[in-house]
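The values are calculated or read from the model by the stated rules, or taken from the named source; none is laboratory data. Since we're looking at a predicted model, the values are computed, not measured. Using ideal geometry, Cβ is built from the backbone for each residue, glycine included, and neighbour counts are taken over all protein chains shown. The area values use the complete protein model at the heavy-atom level, side chains included, leaving out ligands, DNA and RNA. Shrake-Rupley method; radii C 1.70, N 1.55, O 1.52, S 1.80 Å.
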Amino acid sequence: MKKKGYFGDFGGRYSPEVLIPALEELEAAYKKLRKSKKFRKELSRLLRNYAGRPSPLTYAPRLTQSWGGAQIYLKREDLNHTGSHKINNALGQALVARAMQKKRLIAETGAGQHGVATATVAARFGFSCTVYMGKEDVRRQALNVFRMRLLGAEVIPVESGTGTLKDATNEAMRDWARTVGDTHYVIGSVIGPHPFPAMVRDFQVIIGHESRKQIKKASGLLPAAVVACVGGGSNAIGIFHGFLKDKKVDLYGVEAGGRGDEPGENAATITFGEIGYFHGARSLFIQKEGGQIRDVHSISAGLDYPGIGPEHAYLASSGRVRYIRARDQEALESFVELARLEGILPALESAHALAAARTLARQYSSARSLIVCLSGRGDKDVAEVERLLGDTV
Ligand SMILES: *Cc1c(COP(=O)(O)O)cnc(C)c1O
């Protein structure tokens with residue numbers, strides 16, 4: 001029997017008792033809303049007229065020529081309002097929060113894109129908004145911090161741990177435990193306790209549904225492969241769901257290979273993680289002996305997380321999706337390559353998907369296509385890339 005809130009052996013709801021009533025309230029509210037025509041209509045209108053969907057599927061002729069192999073298409077989530085796929089989920093959860101009559105939204109953020117998306121919908125719907133962000137990410141993503149403040153959100157730098165996404169998530173959960181009465185916690189990826197992984201997935205599958213239609217229209221066929229970067233896993237789960245049932249479409253999730261394979265040098269959870277319980281779910285986590293969560297590293301703040309959404313842990317165990325790695329240096333090279341060959345600055349997260357796709361493309365014939373999910377734009381990363389590459393570009 002399928003256990004509620006589980007994907008195979010992964011998922012569930014392992015939360016402090018104070019949060020259980022809020023999770024149950026959220027589950028009931030969302031269950032009702034997802035069947036409501038009015039809700040679905042309002043959300044699709046916002047996605048179209050506010051977020052700018054559908055996002056284009058762009059053919060990349062110079063990248064195709066340079067890589068040799070499959071025809072390369074880019075799913076342009078970078079062109080959404082606020083610059084990434086995060087707005088799809090933030091809009092959905094804002095409508096759910098409004099239906100629950102919450103007054104305040106909180107969020108965790110790594111690269112700042114989810115914080116910006118949440119601050120944006122808070123402004124649009126009149127919620128007050130607090131965003132937790134690790135102090136290291138506040139430094140790496142200064143532009144997004146000021147964007148959030150401009151949008152009226154309070155940004156709280158988190159000093160604990162490594163000052164990255166894990167620590168920001170801890171603080172957001174602590175806030176929620178104190179404020180559940182009037183506050184909704186907008187989790188930004190397919191992580192956390194049930195119903196978050198399923199609900200966030202539902203708000204992101206639009207990426208896959210659009211891509212499937214668009215590639216069939218552009219090439220007459222399904223793609224040979226789909227490639228997406230994986231932090232918590234929301235852009236990847238969104239695009240994969242358009243093709244999961246098409247057994248002949250190869251699906252690749254790309255994890256942060258960081259500086260190398262040693263513990264602490266990467267954030268490749270599927271490769272190096274073990275089963276554990278953290279941030280409300282049973283999933284894979286990078287841990288030390290004894291189960292303590294280990295500090296991880298990625299050049300990209302949005303992939304710098306020691307866990308993975310439970311549905312990805314399941315898709316890895318079933319073998320339907322293959323999970324591979326791209327290192328910091330490769331992502332940097334792909335960042336510059338996309339700029340030079342196609343005139344597009346990708347987010348450093350998305351540059352991991354490009355770096356892996358570069359190698360994969362050669363495994364397929366030029367009669368076939370390969371889609372890379374361009375989860376966000378790189379404007380937020382320009383200062384950090386300048387610091388790292390300086391005069392070498
Ligand atoms: C947040 C973010 C990611 C990583 O999150 P997922 O939930 O794995 O998608 C990837 N790309 C961009 C641009 C992001 O903002």
Gln101, sole failed condition from (1) modelled with pLDDT of 95 or more; (2) outside any loop (DSSP other than H, G, I, E, B); (3) surrounded by fewer than 22 Cβ atoms within 10 Å (Cβ to Cβ):
(2)
Taking the conditions exactly as written (among the aliphatic types (A, V, I, L, M), part of a strand (DSSP E or B) and within 15 Å of the ligand (Cβ to nearest atom)), does Val254 satisfy them or not?
yes
Output the qualifying pairs, or none if there are none: Cβ atoms under 9 angstrom, residues six or more apart or on different chains, first residue in the range 343-370 and among the charged types (D, E, K, R) and part of a loop (DSSP other than H, G, I, E, B), second residue open to solvent by 60 Å² or more (accessible area, probe 1.4 Å) and more than 14 Å from the ligand (Cβ to nearest atom).
Arg368/Leu221
Which of the residues belonging to the range 10-23 are part of a helix (DSSP H, G or I) and either surrounded by 14 or more Cβ atoms within 10 Å (Cβ to Cβ) or touching a strand residue (DSSP E or B) at 6+ places or on another chain (Cβ under 9 Å) (or both)?
Leu19, Ile20, Ala22, Leu23
Which of the numbered conditions does Lys102 fail, given that it passes all the others? Conditions: (1) within 16 Å of the ligand (Cβ to nearest atom); (2) in contact with a strand residue (DSSP E or B) (Cβ under 8 Å, 6 or more places away or on another chain).
(1)
Please determine whether any residue of the range 236-244 is more than 16 Å from the ligand (Cβ to nearest atom) and either without any contact (Cβ under 8 Å) to a residue 60 or more places away in the chain or not assigned by TED's automatic domain parsing to the domain that holds Gly11 (or both).
yes
Mind telling me which of the residues Asp304, Asp295 ends up being among the acidic types (Asp, Glu), surrounded by fewer than 24 Cβ atoms within 10 Å (Cβ to Cβ) and touching a residue at least 24 places away in the same chain (Cβ under 8 Å)?
Asp295
Given the residues Gly68, Gly110, Gly83, which is the only one that is surrounded by fewer than 22 Cβ atoms within 10 Å (Cβ to Cβ) and either in the same structural domain as Leu221 (by TED's automatic domain parsing) or among the small types (Gly, Ala, Ser) (or both)?
Gly68
Read through the list (1) over 27 Å from Phe203 (Cα atoms); (2) at pLDDT 95 or above, then give the number of the only condition that Glu289 fails.
(2)
Would you call Pro193 at pLDDT 95 or above, in contact with a Leu (Cβ under 9 Å, 6 or more places away or on another chain) and either open to solvent by less than 40 Å² (accessible area, probe 1.4 Å) or not assigned by TED's automatic domain parsing to the domain that holds Leu370 (or both)?
yes
Which numbered condition Phe203 misses (of (1) away from the ligand (no atom under 16 Å from the Cβ); (2) open to solvent by less than 50 Å² (accessible area, probe 1.4 Å)):
(1)
Against the condition open to solvent by less than 50 Å² (accessible area, probe 1.4 Å), free of Cβ contacts under 8 Å to residues at least 40 places away in the same chain and away from the ligand (no atom under 12 Å from the Cβ), how does Val96 come out, does it pass?
no
Kindly list the number of the only condition in (1) over 17 Å from the mean Cα position of the chain (by Cα); (2) within 14 Å of the ligand (Cβ to nearest atom); (3) in contact (Cβ under 8 Å) with a residue 40 or more places away in the chain that fails for Glu337.
(2)
Check on Met148, out of contact with any Phe, Trp or Tyr (no Cβ under 8 Å at 6 or more places or on another chain), buried (at least 24 other Cβ atoms within 10 Å of the Cβ) and outside any helix (DSSP H, G or I):
no
Matching residues, the range 32-54, being open to solvent by 80 Å² or more (accessible area, probe 1.4 Å) and in a helix (DSSP H, G or I):
Lys32, Arg34, Lys37, Lys38, Arg40, Lys41, Arg45, Arg48, Asn49
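Rundown of residues vs (1) touching a His at 6+ places or on another chain (Cβ under 8 Å); (2) in contact (Cβ under 8 Å) with a residue 24 or more places away in the chain; (3) not basic (Lys, Arg), yes/no style:
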site	(1), (2), (3)
Ala90	yes, yes, yes
Thr118	no, yes, yes
Arg124	no, yes, no
Thr130	no, yes, yes
What number goes with the only condition from (1) within 15 Å of the ligand (Cβ to nearest atom); (2) under 18 Å from Ile206 (Cα atoms); (3) assigned to a loop (DSSP other than H, G, I, E, B) that Tyr305 does not pass?
(2)
